[in-house]
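Following: one structure in structure tokens, then a few remarks.
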Amino acid sequence: MSRPDATPPHPDPTPSRPDPGPPRPDATPPRPDAAPPRQDGAAGRGVGRLLGWLTAPVPKGRVAAFRTLVYLFVAADLVVFTPWVRHHADTPAELYQPLLVGRLLPLPTPGAVLVHTIFGLLLVTALAAATGRAPRLLGWTVFALYFEWMIIAMSYGKVDHDRVGLLVALAALATVGRARHGDPEPTEAGGWALRVTQIAAICTYFLAAWAKLRFGGLDWVTSSVLARAIVRRGTDLADLIADVPYLLIVAQFGIVAFELASPVIFVLTERWRQRMVAFFYSFHLATFSTITISFAPHLVALAGFLPLERVRPVEWARGFAARRRGHVREHERPVV
């Protein structure tokens, strides 16, 4: 007998797809550098929140006011706060011991030509940058010149720690475009510039406390640091305070405590943040009134926390000029 035919195979229920054929010549090939698919996870959300915090928008008017303040201070710093830097024009070259950055970069040894040239160029460009024109060109120029000015200033033995925030502000502001006083339009670039300035200003406090404990240990808070400062450069007010038993020791404990706690400012509400900034300014006022140390550059950097968009010098000047000419606004007219 013949064997029956085998059972035919079951047909594939999945419909067959037509052959796509060769790729179309006008088809766009995939980019080899295309970003990988976004991973929505805890890490991704954390990075997103961090970037959102770093670039939180601020009004352009705040950036314009802060920019004017910073550049005007640079000009004032040359002639009021640190005029002694120009004396390095006549300092013997063998006394020049550049900072680490000065050793890494091919910077020339300061001389009369270099010092006086940087002084003149920096003074002119800082005043020009304060107007808000050509913000990137003038901003980077001022930063480069002031950076070299600080290397010249701090390469002869004494290094101040109150200029970190100002240098960061100069570098960050150079990345922001145009901004007009009183402009309420938000800007993320300006928010980033102010945020990194704030971080640098708070790092100045926190790292100062770290340096005290690193080099002086816990004995720093019970030492005679403030007493020696009062003997060297104290005022009449400081002499009165020095007579109070243990008050200077308590003050040293308080200084280290507030410096270590300074990063808390970033988690406070806006109202308490402004109160903490007011405390910082009051601390420096007390410091200047007792041992005549101003920390002026640091105070300028701290202004990055303030709502400076409310400061509108251009509008105030125009209003003052209009009133001098006899013109008054509608809401200023007397009601009779």
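The residue that is farthest from Lys212 (Cα to Cα), among those in region 234-280 that are in contact (Cβ under 8 Å) with a residue 60 or more places away in the chain and of a type outside the set (Phe, Trp, Tyr), is Ile265.
When Leu121, Leu167, Leu194, Leu138 are checked against the criterion of being surrounded by fewer than 16 Cβ atoms within 10 Å (Cβ to Cβ), part of a helix (DSSP H, G or I) and not basic (Lys, Arg), Leu121 stands alone in meeting it. Only one of the numbered conditions (1) modelled with pLDDT under 95; (2) closer than 27 Å to Ala174 by Cβ is not met by Gln97, and that is (2). With the condition kept exactly as written, say whether any residue in region 195-218 is over 29 Å from the mean Cα position of the chain (by Cα) and farther than 30 Å from Arg62 by Cα. Yes, the conditions are met somewhere in region 195-218.
For the structure I just gave you, tell me whether Glu315 is under 19 Å from the mean Cα position of the chain (by Cα) and farther than 19 Å from Ala229 by Cα. Here the answer is no, as Glu315 does not meet what is asked. Filtering region 181-191 to residues that are in contact with a Pro (Cβ under 8 Å, 6 or more places away or on another chain), assigned to a helix (DSSP H, G or I) and either of a type in the set (Asp, Glu) or surrounded by fewer than 19 Cβ atoms within 10 Å (Cβ to Cβ) (or both) leaves only Glu188. Candidates in region 219-228 are the residues that are part of a helix (DSSP H, G or I) and within 15 Å of Gly254 (Cβ to Cβ); of these, the one that is farthest from the chain's Cα centre (by Cα) is Thr222.
Applying the set (1) modelled with pLDDT of 90 or more; (2) in contact with a Gly (Cβ under 8 Å, 6 or more places away or on another chain) to Pro108 leaves exactly one unmet item: (2). Trp220 meets all of the listed conditions (1) buried (at least 16 other Cβ atoms within 10 Å of the Cβ); (2) in contact (Cβ under 8 Å) with a residue 40 or more places away in the chain; (3) of a type in the set (Phe, Trp, Tyr) but one, namely (2).
So which of Ala193, Ala209, Ala201, Ala169 is at pLDDT 95 or above and either out of contact with any Leu (no Cβ under 7 Å at 6 or more places or on another chain) or not small (Gly, Ala, Ser) (or both)? On inspection, the qualifying residue turns out to be Ala169. Within region 65-89, being over 23 Å from the mean Cα position of the chain (by Cα) and either more than 20 Å from Tyr156 (Cα to Cα) or of a type outside the set (A, V, I, L, M) (or both) holds for Pro83, Trp84, Arg86, His87, His88.
For region 252-307, a residue qualifies if it is surrounded by fewer than 16 Cβ atoms within 10 Å (Cβ to Cβ) and in a loop (DSSP other than H, G, I, E, B), and the qualifying residues are Leu268, Thr269, Thr292, Ile293, Ser294, Pro307. Tallying residues that are in a loop (DSSP other than H, G, I, E, B) and free of Cβ contacts under 8 Å to residues at least 40 places away in the same chain within region 143-159 yields 1.
The values are calculated or read from the model by the stated rules, or taken from the named source; none is laboratory data. A quick note: this is a predicted structure, and the numbers were derived from the prediction, not measured. Every residue, glycine as well, gets a Cβ built from its backbone with ideal geometry; the counts of neighbours run over all protein chains shown.
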